[in-house]
Amino acid sequence: MDFKDDARLDTSQVESGGRGGFPGGGIAVGGGAAGIIALIVALIFGVNPGNITGGDDPAPVNPSSNLASECKTGQDADQNEQCRIVGVVNSIQDYWPEVVQNYTPAKTVMFSGQVNTGCGAADASVGPFYCPADQRVYLDLSFFDELQSRFGAKGGPFAQAYVVGHEYGHHVQNLLGTNGKAEGDRQGPESGSVRLELQADCYSGAWAKNAYKTGLFAKPFSQTDIEEAISAASAVGDDSIQKRTQGRIDPEGFTHGTSAQRVKWFTTGYESGDPNKCDTFAGDI
């Protein structure tokens, strides 16, 4: 993943540190490589997320409070992880207004450890997530180390981009009213929750196919980039997480989709480049 050296970054779309003052409300939507850890394991299995990672908290990555001065160009994005997130967010939010009428931008909040959100307090164990109540994506960068070291993903810059694209997929769903299709249908292999998450994977793929057109990248994404995303998607399938946490697969506990499904729907979005091909609520998944 290579940004144009002279591409201008818009840091106003990204905030560093937690946000206080939001009343708790709404339900945070789990991430493509993320909320699955806490939402599946803690809420469904009744397990402390710390038990998954051996009881140790991930090493904190403290977000910089000087993004505006540090992240000005694509060259900065190629050299600095936080600037790279800024660049990815910029590209995603350049893409979606071309597809979704009256698209409303959503900010990303990079935090370390804990954060207050419109959906309530959260910590790093939840991983990246989207909060509909305040229309923000929340991202603890230390999660990406977890994704690679403890969940078996290849890692890499585009694994991060896939996750951010997934979370903005949830923002699109919120704007389109798709979230309501999952209300009261939160578990099971054919559940609304699974369909919602797979659609967000597909939306991430559709952005990836069109990202070069946003003008921030020096060239289209390579096959190596796409393989990083596929590896991340596979690592956080319900079946893979269940094997790791409880030693068996329970389809009735699925909330995000299997590894194969997550790879399938990201690939569907990427190969077609068309979000209209991402209707996971119609037919088999």
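The values are calculated or read from the model by the stated rules, or taken from the named source; none is laboratory data. Treat the numbers as computed from the prediction; the structure is a model and nothing was measured. Cβ: placed from backbone, ideal geometry, glycine included. Neighbour counts: every protein chain shown. Note: areas computed on protein heavy atoms with side chains; ligands, DNA, RNA excluded. Shrake-Rupley method; radii C 1.70, N 1.55, O 1.52, S 1.80 Å.
Before moving on, here are some points about what is shown:
- Distance between the modelled labels on N276 and V100, one decimal in nanometres: 1.8 nm (7 Å Cα→Cβ projection).
- Loop GluC sites (Glu not before Pro), the stretch 83-168 (other Cβ atoms within 10 Å of the site Cβ: 12 or fewer; DSSP): none
- Surface calculation, 1.4 Å probe, protein heavy atoms: S259 sits at approximately 10 Å² accessible.
- Reachable lysines from K209, criterion Cα separation under 25 angstrom, eight or more residues apart if same chain: K4, K72, K107, K154, K219, K264, K277
- In this simple spin-label approximation, K243 and K181 carry label points 7 Å from Cα along the Cα→Cβ vector, and these lie 2.9 nm apart.
- Sites T224 and D145 - FRET efficiency at Förster radius 22 Å, r taken between beta-carbons, to 0.05: 0.65
- Residues whose amide H falls under 5 Å from that of F217, counting only those 5 or more places apart or on a different chain, are K4, with hydrogens built in the peptide plane.
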